[in-house]
Amino acid sequence: MSLVTQFRESRFWPMLWKEFIQMRRDRLTFLMMTGLPAVQLVLFGYAIQTDVRHLKTVVLDESRTAESRALVNVMVNTGSFDLVGAVSDRAQLRDAIESGVASAALVIPPDYERNIKRGRTAEAQIIVDAADPQSSSSAIAGAQLAALARGATIISERSRTAPPIDMRVRPWYNPEQRSAVFIVPGVIGILLTITMILITSTAIVRERERGTLEQLIVTPISKPSLMLGKLVPFVLVGYVQMTVVMGLGKLIFRIPTVGSFALLYLLTIPFIVASLGVGLLISTVARNQVQAMQFSFFFMLPNILLSGYIFPRVAMPLPAQWLGLLLPLTYYLNILRGILLKGVGIAQLWRPTLALSVFATLILLISVRRFSKTIE
Amino acid sequence: MTSVGASAPLADAVVTEGVRKVFHGGLVAVDHLDLAIHRGEVFGLLGPNGSGKTTTIRMLCGLLTPTAGRASVVGHDVALEPELIRAKIGYMSQRYGLYDDLTVYENLRFYATVYGLHGKARTERLEKHMEEIGLTALRSQLAGTLSGGWKQRLALACATAHEPEMLFLDEPTAGVDPAARRAFWTSIYELAAHGTTILVTTHYMDEAERCQRLAFLSRGHLIGLGTVKEILEHFKQPTIEDVFIELQKRDEGAAA
Ligand SMILES: Nc1ncnc2c1ncn2[C@@H]1O[C@H](COP(=O)(O)OP(=O)(O)OP(=O)(O)O)[C@@H](O)[C@H]1O
Ligand SMILES: [Mg+2]
């Protein structure tokens with residue numbers, strides 16, 4: 001038989017054909033491909049705001065001078081505070097914070113301008129609802145920034161010289177410091193993990209439950225054809241999902257996509273293979289579809305927590321960081337953010353790529369062996 | 001004794017010698033099984049629940065590896081040449097093995113292609129096949145929505161689309177109405193008339209009596225073998241059902 005005929009008549013094709021028909025008819029798969037990316041994106045993109053900005057702020061300005069108004073302006077300009085109104089005494093201020101109308105209050109005492117004019121240190125106060133530590137730390141940073149900025153201006157005006165040091169912070173890659181920019185590329189990784197593992201493990205367990213796997217094994221189809229035919233469609237699902245998320249991310253969250261798409265799609269292969277391997281492994285352990293789902297979600301948890309998807313890995317205790325190194329998502333996030341946000345190439349990404357490839361090969365070898373054994 | 005091995009293509013369709021299967025945990029499902037099924041025969045495998053019928057079939061189809069003993073199917077050793085066997089046999093499992101979310105035609109087409117049928121030859125074969133079995137009108141219906149009788153016919157059609165030399169049917173008529181059962185047995189005899197060897201398990205004694213030869217299994221042991229007439233004479237019973245009950249009683253007595 002010629003190679004062409006062999007290829008055309010390979011038993012991989014009917015398997016692939018069947019998978020696609022089933023996929024088209026399976027609502028769950030369809031939902032996972034389209035609905036899940038959208039929901040995840042909106043949920044994580046909007047809801048996870050690790051950067052607390054625009055704290056609602058009321059002002060108690062007892063100074064009522066040009067200087068005090070200038071301070072309010074500077075505070076607002078930091079972006080950390082949003083003015084929602086003025087209060088006229090401490091009781092009203094307390095009211096505003098307790099009722100949740102404001103979560104911060106700026107108090108400028110009557111002697112504020114007088115102190116500045118006399119060259120003394122002028123005091124102002126920021127009161128923060130610190131029940132949420134993230135908003136309070138953001139308020140503290142914003143207040144300090146405002147004080148420094150205003151202070152420097154006043155000094156240089158007084159001495160009629162330029163400020164002695166001008167330290168400018170240049171945030172690269174995500175200049176506006178929006179958490180969506182950090183999160184959305186991660187959504188691609190987390191989605192691929194969920195879908196690859198969940199679809200793969202449940203699809204294979206379903207064939208076993210319904211007795212069709214047994215039926216397949218008595219046909220002349222080879223094990224590689226069987227597994228390839230089963231897994232290749234999921235690779236395509238993965239790519240569709242990834243494209244959907246990137247498109248929506250660009251549209252809704254204005255995610256920068258500066259790097260090479262070709263490289264990203266290429267380096268996604270070892271990650272997808274690794275995830276399919278995990279799915280295959282789960283299918284050899286789970287006795288039914290419910291168990292397969294439970295195992296999949298169980299595997300998701302450390303991925304969400306330890307991979308650096310939401311919480312930066314550098315802030316974790318060392319053992320947690322080491323555990324994170326065992327997850328393919330950790331490496332894939334480096335690749336995703338590297339390519340999408342920084343536009344770096346393979347020269348900067350060979351380490352995570354190598355790690356992913358090693359992981360993919362190992363997990364696939366183990367799971368294929370186990371899978372072959374379960375079907376004898 | 002017929003020799004086991006690939007050297008004798010016209011030997012019996014199935015030959016087993018001392019086949020034994022022990023599952024993890026030490027359960028002996030089949031033991032000392034010596035069987036020979038002739039080519040073109042409709043051979044019935046009888047026995048109570050758990051007696052090892054399915055296990056036997058699964059070993060012959062290459063789904064399970066025998067713990068001990070040798071077996072050959074259509075001239076090939078099950079341990080050495082399972083791929084050669086697979087292309088030549090059809091298997092209808094107790095669970096039918098149909099894809100509920102594929103249509104009748106898609107199921108047929110899928111299995112036919114997996115068995116190596118392509119292009120025009122496949123289309124023609126399937127059209128003829130569906131016509132014979134009466135599935136043409138249902139071709140676009142999802143297999144999951146078929147009634148039990150039609151599912152069974154579709155499963156048979158899927159298992160025979162590649163015209164196998166040997167057909168394994170594991171309780172093919174369980175849960176199917178009498179008319180469908182009769183039609184099914186007509187199909188089986190047609191297949192046998194074309195030279196297909198058939199191994200069938202059943203719990204219906206009227207079906208057992210339609211088989212050319214029978215084997216009785218009890219707790220994994222072969223406890224009776226022969227034509228219906230031979231068996232009735234040998235065990236001095238009026239019907240196969242009486243033989244079944246008598247043999248089981250004896251075997252349980254021996255076990256106690
Ligand atoms: N995979 C397995 N692991 C362990 N034990 C098994 C396995 N499959 C079957 N058995 C056991 O082997 C014995 C024989 O089972 P088998 O399915 O061959 O019986 P059977 O004659 O087909 O029964 P039935 O008429 O109910 O279909 C039973 O005790 C069964 O519990
Ligand atoms: Mg059985």
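Okay, residues lined up against (1) over 26 Å from A:Ser372 (Cβ atoms); (2) within 7 Å of ligand 1 (Cβ to nearest atom):
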position	(1), (2)
B:Gly26	no, no
B:Leu35	yes, no
B:Leu45	yes, no
B:Asn49	yes, yes
B:Leu63	no, no
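Return yes when B:Ile85 is closer than 29 Å to A:Arg206 by Cα, modelled with pLDDT of 95 or more and either within 17 Å of the chain's Cα centre (by Cα) or hydrophobic (A, V, I, L, M, F, W, C) (or both) and no when it is not. Break it down stepwise before answering.
Details: closer than 29 Å to A:Arg206 by Cα: yes; modelled with pLDDT of 95 or more: no; either within 17 Å of the chain's Cα centre (by Cα) or hydrophobic (A, V, I, L, M, F, W, C) (or both): yes.
Considered against the rule, which asks whether it is closer than 29 Å to A:Arg206 by Cα, modelled with pLDDT of 95 or more and either within 17 Å of the chain's Cα centre (by Cα) or hydrophobic (A, V, I, L, M, F, W, C) (or both), B:Ile85 comes out as no.
Tell me which of these B:Leu80 doesn't satisfy, since it passes every other one: (1) farther than 24 Å from B:Glu209 by Cα; (2) within 16 Å of ligand 1 (Cβ to nearest atom); (3) open to solvent by 20 Å² or more (accessible area, probe 1.4 Å).
(2)
Within the stretch B:139-158, is there a residue that is away from ligand 2 (no atom under 16 Å from the Cβ) and in contact with a His (Cβ under 7 Å, 6 or more places away or on another chain)?
If we filter the stretch B:139-158 for residues that are away from ligand 2 (no atom under 16 Å from the Cβ), which is where we start, we get B:139-151, B:153-154, B:156-158.
Now drop any that are not in contact with a His (Cβ under 7 Å, 6 or more places away or on another chain), which leaves B:157.
So far as the stretch B:139-158 goes, yes, one or more of its residues are away from ligand 2 (no atom under 16 Å from the Cβ) and in contact with a His (Cβ under 7 Å, 6 or more places away or on another chain).
Report yes if some residue within the stretch B:163-174 is over 25 Å from A:Pro220 (Cβ atoms), more than 15 Å from the chain's Cα centre (by Cα) and not in a strand (DSSP E or B); otherwise report no. Before the answer, list the steps.
Filtering the stretch B:163-174 down to residues over 25 Å from A:Pro220 (Cβ atoms) leaves B:173-174.
From the residues that got through so far, the ones that are more than 15 Å from the chain's Cα centre (by Cα) too are none.
Within the stretch B:163-174, not a single residue is over 25 Å from A:Pro220 (Cβ atoms), more than 15 Å from the chain's Cα centre (by Cα) and not in a strand (DSSP E or B).
What's the total number of residues in the stretch A:296-318 that are more than 18 Å from the chain's Cα centre (by Cα) and open to solvent by 80 Å² or more (accessible area, probe 1.4 Å)? Don't jump to the end; show me each part of the working.
Initially, the stretch A:296-318 is screened for residues more than 18 Å from the chain's Cα centre (by Cα), giving A:296, A:298, A:317-318.
In the following step, the residues that additionally are open to solvent by 80 Å² or more (accessible area, probe 1.4 Å) were identified as A:298, A:317-318.
So the count comes out to 3.
Across the stretch A:4-15, which residue is farthest from the other protein chains (Cβ to nearest Cβ) among those that are part of a helix (DSSP H, G or I) and crowded, with 16+ Cβ neighbours inside 10 Å? Before the answer, list the steps.
Step one: of the stretch A:4-15, the residues part of a helix (DSSP H, G or I) are A:4-8, A:12-15.
This time we only want the ones that are crowded, with 16+ Cβ neighbours inside 10 Å, so: A:12-15.
On the way: A:Phe12: 10, A:Trp13: 7, A:Pro14: 4, A:Met15: 7 Å.
This residue is A:Phe12.
Within the bounds of the stretch B:167-182, is there any residue that is open to solvent by less than 10 Å² (accessible area, probe 1.4 Å) and more than 16 Å from ligand 1 (Cβ to nearest atom)?
yes
Condition first: in contact (Cβ under 8 Å) with a residue 60 or more places away in the chain, open to solvent by 30 Å² or more (accessible area, probe 1.4 Å) and out of contact with any helix residue (DSSP H, G or I) (no Cβ under 6 Å at 6 or more places or on another chain). Now tell me which residues in the stretch A:328-360 satisfy that.
A:Lys342, A:Gly343, A:Ile346
At pLDDT below 90 and more than 16 Å from ligand 2 (Cβ to nearest atom), is that true of B:Glu163?
Details: at pLDDT below 90: no; more than 16 Å from ligand 2 (Cβ to nearest atom): yes.
Criteria not met by B:Glu163.
Return the residues of the stretch A:208-224 that are assigned to a helix (DSSP H, G or I) and facing another protein chain (nearest Cβ under 9 Å); say none if nothing qualifies.
Quick first cut of the stretch A:208-224, residues assigned to a helix (DSSP H, G or I) only: A:208-210, A:212-217, A:223-224.
Passing the criteria: A:Arg210, A:Thr212, A:Leu213, A:Glu214, A:Gln215, A:Leu216, A:Ile217.
Give the stretch B:141-165 a look and list any residue that's open to solvent by less than 20 Å² (accessible area, probe 1.4 Å), under 15 Å from B:Ala192 (Cα atoms) and touching a strand residue (DSSP E or B) at 6+ places or on another chain (Cβ under 8 Å), or say none.
Correct list: B:Leu156, B:Ala159, B:Thr160, B:Pro164.
Using beta carbons and a limit of 8 Å, which pairs, at least six apart or on different chains, have the first residue in the stretch B:209-232 and more than 14 Å from chain A (Cβ to nearest Cβ) and the second one within 16 Å of ligand 2 (Cβ to nearest atom) and basic (Lys, Arg)?
Matching pairs, first to second residue: B:Leu217/B:Lys53; B:Gly220/B:Lys21.
Output the residue which, of all residues in the stretch B:130-139 that are assigned to a helix (DSSP H, G or I) and either closer than 26 Å to A:Gln6 by Cα or of a type in the set (A, V, I, L, M) (or both), is farthest from the other protein chains (Cβ to nearest Cβ).
From the stretch B:130-139, those assigned to a helix (DSSP H, G or I) are B:130-133, B:136-138; that's our starting set.
Next, only the ones that are either closer than 26 Å to A:Gln6 by Cα or of a type in the set (A, V, I, L, M) (or both) stay: B:130, B:133, B:137-138.
Working: B:Met130: 18, B:Ile133: 18, B:Ala137: 21, B:Leu138: 17 Å.
Filtering the stretch B:130-139 for residues that are assigned to a helix (DSSP H, G or I) and either closer than 26 Å to A:Gln6 by Cα or of a type in the set (A, V, I, L, M) (or both), the one farthest from the other protein chains (Cβ to nearest Cβ) comes out as B:Ala137.
Only one of (1) modelled with pLDDT of 95 or more; (2) within 14 Å of ligand 2 (Cβ to nearest atom); (3) not charged (D, E, K, R) fails for B:Gly50. Which number is that?
(1)
Which one is nearest to A:Met23 (Cα to Cα), of the residues in the stretch A:231-290 that are part of a helix (DSSP H, G or I) and touching a Lys or Arg at 6+ places or on another chain (Cβ under 7 Å)? Steps first, answer last, please.
The initial filter retains those residues of the stretch A:231-290 that are part of a helix (DSSP H, G or I), namely A:231-253, A:261-285, A:289-290.
Then keep just the ones that are touching a Lys or Arg at 6+ places or on another chain (Cβ under 7 Å); that gives A:281, A:284, A:289.
Values: A:Leu281: 21, A:Thr284: 21, A:Gln289: 16 Å.
Result: A:Gln289.
Looking at the structure I just gave you, is B:Gly134 open to solvent by 30 Å² or more (accessible area, probe 1.4 Å) and more than 16 Å from ligand 1 (Cβ to nearest atom)? Spell out how you get there, then give the answer.
Details: open to solvent by 30 Å² or more (accessible area, probe 1.4 Å): yes; more than 16 Å from ligand 1 (Cβ to nearest atom): yes.
Yes: the conditions hold for B:Gly134.
Whether any residue in the stretch B:99-120 is buried (at least 18 other Cβ atoms within 10 Å of the Cβ) and more than 14 Å from chain A (Cβ to nearest Cβ) is what I want to check.
No, the stretch B:99-120 contains no residue that is buried (at least 18 other Cβ atoms within 10 Å of the Cβ) and more than 14 Å from chain A (Cβ to nearest Cβ).
How many of the residues in the stretch B:22-47 are in contact with an Asp or Glu (Cβ under 8 Å, 6 or more places away or on another chain) and within 16 Å of ligand 2 (Cβ to nearest atom)? If you could, list the steps in order and put the result at the bottom.
Of the stretch B:22-47, the ones in contact with an Asp or Glu (Cβ under 8 Å, 6 or more places away or on another chain) are B:34, B:36-39, B:44.
From what's left, within 16 Å of ligand 2 (Cβ to nearest atom): B:44.
Summing the residues that are in contact with an Asp or Glu (Cβ under 8 Å, 6 or more places away or on another chain) and within 16 Å of ligand 2 (Cβ to nearest atom) in the stretch B:22-47 gives 1.
Filter the stretch A:21-38 down to the residues that are more than 10 Å from chain B (Cβ to nearest Cβ), in contact with a helix residue (DSSP H, G or I) (Cβ under 6 Å, 6 or more places away or on another chain) and either closer than 19 Å to A:Ile204 by Cβ or open to solvent by 20 Å² or more (accessible area, probe 1.4 Å) (or both) and list them by number.
A:Thr29, A:Met32, A:Met33 - these are the residues of the stretch A:21-38 that are more than 10 Å from chain B (Cβ to nearest Cβ), in contact with a helix residue (DSSP H, G or I) (Cβ under 6 Å, 6 or more places away or on another chain) and either closer than 19 Å to A:Ile204 by Cβ or open to solvent by 20 Å² or more (accessible area, probe 1.4 Å) (or both).
Residues B:Arg86, B:Arg58: which one is under 19 Å from B:Leu214 (Cα atoms), crowded, with 19+ Cβ neighbours inside 10 Å and within 11 Å of another protein chain (Cβ to nearest Cβ)? Quick ask: steps written out before the conclusion?
Values: B:Arg86 fails: under 19 Å from B:Leu214 (Cα atoms).
The unique qualifying residue is B:Arg58.
Here is a list of conditions, (1) under 19 Å from the mean Cα position of the chain (by Cα); (2) touching a residue at least 12 places away in the same chain (Cβ under 8 Å); (3) more than 15 Å from A:Ile188 (Cβ to Cβ), and A:Gln291 meets all of them except one; can you say which number that is?
It fails just one condition, (1).
Looking at B:Leu80, is it modelled with pLDDT under 90 and more than 14 Å from every other protein chain (Cβ to nearest Cβ)?
no
How many residues are within 30 Å of B:Leu117 (Cα to Cα) and in contact (Cβ under 8 Å) with a residue 60 or more places away in the chain when one looks only at the stretch A:225-272? Give the steps one after another, and end with the answer.
To start, the set of residues in the stretch A:225-272 that are within 30 Å of B:Leu117 (Cα to Cα) comprises A:225-237.
Filter once more, keeping what is in contact (Cβ under 8 Å) with a residue 60 or more places away in the chain: A:225-230, A:232-233, A:237.
The qualifying residues number 9.
Counting only residues that are at positive phi and open to solvent by 10 Å² or more (accessible area, probe 1.4 Å), which one in the stretch B:195-223 is farthest from the chain's Cα centre (by Cα)?
Residues of the stretch B:195-223 at positive phi: B:195, B:219-220.
Keeping just the survivors that are open to solvent by 10 Å² or more (accessible area, probe 1.4 Å) gives B:195, B:219.
Numbers: B:Gly195: 15, B:Arg219: 19 Å.
This residue is B:Arg219.
The values are calculated or read from the model by the stated rules, or taken from the named source; none is laboratory data. Keep in mind that what you see is a predicted model, and the values were worked out from it rather than measured. Please note: Cβ atoms are built from the backbone with ideal geometry, for glycine as well, and neighbour counts cover all protein chains shown. For accessibility, only protein heavy atoms count, side chains too; no ligands or nucleic acids. Shrake-Rupley method; radii C 1.70, N 1.55, O 1.52, S 1.80 Å.
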